[in-house]
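The values are calculated or read from the model by the stated rules, or taken from the named source; none is laboratory data. Note that the coordinates shown come from a computational prediction; the quantities given were computed from them, not determined experimentally. Quick reminder, even Gly has a Cβ in these numbers, built from the backbone with ideal geometry, and neighbours come from all protein chains shown. Ligands, DNA and RNA are excluded from the accessible area calculation, which covers all protein heavy atoms including side chains. Shrake-Rupley method; radii C 1.70, N 1.55, O 1.52, S 1.80 Å.
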2 protein chains.
Amino acid sequence: MRTALCDRFGIEHPIFGFTPSEHVAAAISRAGGLGVLGCVRFNDAAELDAALTWMDEHTDGRPYGVDVVMPAKIPTEGTAIDLDALIPAGHREFVERTLTQLGVPPLDSHGTGVLGWLHSVARSHVDVALQHPIRLIANALGSPPVDVIEQAHRHDVPVAALAGKAEHARRHVDNGVDIVVAQGYEAGGHTGEIASMVLVPEIVDAVGADVPVLAAGGIGSGRQLAAALALGASGGWLGSCWLTTAEYAVGLPASATQQALLAAGSSDTVRTRIYTGKPARLLKTRWTEAWSSPDAPEPLPMPLQNLLVADAHQRITQSGDPTVVSMPVGQIVGRMNAIRPVADVMTDLLREFDETLTRLDKLR
Amino acid sequence: MRTALCDRFGIEHPIFGFTPSEHVAAAISRAGGLGVLGCVRFNDAAELDAALTWMDEHTDGRPYGVDVVMPAKIPTEGTAIDLDALIPAGHREFVERTLTQLGVPPLDSHGTGVLGWLHSVARSHVDVALQHPIRLIANALGSPPVDVIEQAHRHDVPVAALAGKAEHARRHVDNGVDIVVAQGYEAGGHTGEIASMVLVPEIVDAVGADVPVLAAGGIGSGRQLAAALALGASGGWLGSCWLTTAEYAVGLPASATQQALLAAGSSDTVRTRIYTGKPARLLKTRWTEAWSSPDAPEPLPMPLQNLLVADAHQRITQSGDPTVVSMPVGQIVGRMNAIRPVADVMTDLLREFDETLTRLDKLR
């Protein structure tokens, strides 16, 4: 399939693949889509620089992009120590007690958490990324600040922004955003309450024909990709379905996560504020269930909630226990039932997409 | 567009239109779809009989169906007086206090509530409907009891059942259900948590090629209908979009409801148990908001919750105040922005559906 976006980005298929793994991102680009590397896990700009250098060497000259996490309004900022002081003791006690109850051992060594949620760190991601031949900067929290959009445009890099409501999408475009990612209720990670079937055409109509819209949420098969294009999207933004690829396990501690994802059905997710302070869809595990118990505190606002649970996430990862995994994933997890190479996932998507168009054509 | 369902039902378009209004249902059938009359509001079988007789005279011989509300397991049953005794006084006090606070005047005369949620009444609906030339019995609460399915089959009437999960759909088919309505999260009325984009292909794959699946939830335009068929559905099940038709206001007290629906956006719905005791998506109004206040009681189980709020619903209707309307509607309400005849809604759906297939065909 080809849409105008293919020509604009120099890609074969309008499939944008978001992933925290440079191995997956590179494989998506090599398979003809646009791999988009999530930067939030890189606390140190030099680490991100190294990952992007690796991508430059492993994408066969194919285009790729990056994804940052940056609110339009600059949030509470400060050192990790300043922010730590804002976290109530009762919240820390709940986390500690819960991990003990869940049988999650202490960390071998104290970690630093994920600082990518801080505005200053996200800005350093943009600075570093623009030194590489990136073709897209996407922002997971909507429109980035206008000066960041202008910075990207000076490098001829278009900016995409996630939106869960039509009014947000319009605001992003007013700020200078080039592409809107319509993130439906069923999507993994930060998400609103309007499902893709309603949200995608609503955003398409709101931003007009000149602004391409990518559909995000619920896409893991060719039928779903065809549905997204039927709804008016110019392409698909897929995140969850790469979490069970073979490449995802290269360089990331993925075994327990992948085991949990393979076993989960479409009902096994929950939309909750416990990951970052904003509503995000996660795999439902004993960890998320503990936070919905009557004695659990209300999650803190961003960026405090992420700092609160940062060590817990490391402890959970270190434990290797699939039943306590803390992982953003969409309802499409029910269709993620085998570990497969990225290229195979892409081939199946395209084949089923083509079959779907053939089937629809016979209805006329 | 034509699918195998068109031949099976003798309809022009695979558009199944659910509505509590016989005027709307007849208009849907006359426009080439299958009008499905919701029976739950008919307390008296003779009233339903009269409505169906009216439909027989106003559908130009086109096929139509009925929708009943019947759990597979026979629920608590009894007279209205027996059941009334099970409703806690605190719940009644909350309803009374809330209506007073919302400025909803008392009823001019005491009503009888809606008894259609009772199993015995739903069975009487089936008995009456089978004396008319109906072409479908749909059940809004999943599979009806097996003996009811067999009763329908003896009259050569197929049975459809709503499902919000693949495992429910499989169970319905095991019980003898002929057609599954995949009811996505975004739908109005009783609904589960899985959005259409994920639910429809999951149910299609679960029940296999011999069982047609209708997609319900989020369909109010031709793009959405095309998306539903791309996902593997054999047709669309549309409910909300008929609530703002001209025909809906004939014979039903619709003015305040329609005014509220026209003004609502896609974010203005809420999934709550306050309507029947089971999760259902309603228009968000001051009435639904009152039930999410900290002092509100937990909704009662079906059928008690509906009995509890039955008088309140009549008071709200009598008040004519759009800000307190209690009305099931899906997220598609954001696209319902004008009062139009059913035939116009249908024409637009079909035109946009055709345009969508033309657009998709160019992507190949």
TODO: Summarise the partner chain shielding of B:217-228 as one whole number: the mean count of Cβ atoms from other chains within 10 Å of each residue's Cβ.
DONE: 6
Open item on the list: Can you list the residues in segment B:173-197 whose accessible area drops by at least 20 Å² when all protein chains are present, compared with the chain alone? Use a 1.4 Å probe, heavy atoms only.
Closed with: B:TYR185, B:GLU186, B:GLU193, B:ILE194, B:ALA195, B:MET197
Task: 7 Å along Cα→Cβ, label-point gaps from A:ALA296 to other copies, nm, shortest first - done: 2.1
Task: Furthest towards positive pole of dipole, B:HIS153, A:SER319, A:PRO299, structure part the protein assembly as shown, Cβ charges - done: B:HIS153
Task: Dipole in debye (nearest 20) - chain B, about Cα centre, beta carbon charges: Lys, Arg +1; Asp, Glu -1 - done: 860 debye
Open item on the list: Suppose R0 equals 56 Å. What FRET efficiency, 1/(1 + (r/R0)^6) with r the Cβ-Cβ distance, do B:GLU12 and A:THR100 give to the nearest 0.05?
Closed with: 0.30
Open item on the list: Can you compute the equivalent ellipsoid semi-axes for chain A, i.e. the square root of 5 times each eigenvalue of the Cα gyration tensor, sorted largest first and rounded to whole Å?
Closed with: 31, 23, 20
Task: For segment A:123-279, alpha-carbon Rg relative to the globular expectation (2.2 N^0.38 Å, N residues) - done: 1.08
Task: Sequence-separation-based contact order of chain A, relative, with Cα cut under 8 Å and 6+ spacing, percent - done: 19 percent
TODO: Under a 10 Å cutoff between Cα atoms, tell me which one of A:ALA228, A:ALA254, A:ALA50 has the largest fluctuation in the Gaussian network model of chain A.
DONE: A:ALA50
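Restricting attention to segment B:1-66, which trypsin sites (Lys or Arg not before Pro) occupy a DSSP loop and are surrounded by at most 14 other Cβ atoms within 10 Å?
Passing both the DSSP loop test and the Cβ count: B:ARG2.
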- [ ] Name the shape class, rounded, prolate or oblate, that the alpha-carbon gyration tensor gives for the protein assembly as shown, where a ≥ b ≥ c are the square roots of its eigenvalues, rounded holds for a/c under 1.5, and otherwise prolate holds if a/b is larger than b/c and oblate otherwise.
- [x] prolate
- [ ] Given the peptides A:257-264, B:84-91, B:203-210, arrange them by the average over their residues of other C-beta atoms within 10 Å, most packed first.
- [x] A:257-264, B:203-210, B:84-91
- [ ] For every helix of n ≥ 4 consecutive DSSP H residues, a contribution of -39,500 (n - 2.57) applies; sum these over chain A, divide by its total residues, and give [θ] at 222 nm rounded to the nearest 500 deg cm²/dmol.
- [x] -12000 deg cm²/dmol
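Any idea of the total accessible area buried by the A-B contact, 1.4 Å probe, rounded to 100 Å²?
3600 Å²
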Task: Calculated label separations, A:ALA209, copies of the chain, 7 Å along the beta-carbon direction, nm - done: 3.9
- [ ] Express in nm, to one decimal, how much length is gained between B:LEU262 and B:ASP348 on full extension, taking 0.36 nm for each residue of separation and deducting their alpha carbon distance.
- [x] 29.2 nm
Open item on the list: Taking 30 Å as the cut-off for C-alpha to C-alpha distance, list the pairs among A:LYS278/B:LYS165; A:LYS284/A:LYS362; A:LYS165/B:LYS73; A:LYS362/B:LYS284; A:LYS165/B:LYS278 that go past it.
Closed with: A:LYS284/A:LYS362; A:LYS165/B:LYS73; A:LYS362/B:LYS284
Task: Cβ-based charge dipole, segment A:4-361, positive-most Cα from A:ILE274, A:SER240, A:LEU86 - done: A:ILE274
Task: Estimated distance in nm for a label pair at B:ASP156 and B:ASP174, the labels positioned 7 Å out from Cα along Cα-to-Cβ - done: 3.1 nm
Task: Simple spin-label estimate for B:ARG2 and A:THR323 in nanometres, 7 Å along Cα-Cβ - done: 5.7 nm
TODO: Using the 7 Å Cα-to-Cβ label point, sort the distances from A:SER109 to its equivalents in the other copies shortest first and give them in nm to one decimal.
DONE: 8.3
Task: Gyration tensor over alpha-carbon atoms, segment A:123-168, equivalent ellipsoid semi-axes in Å - done: 20, 10, 10
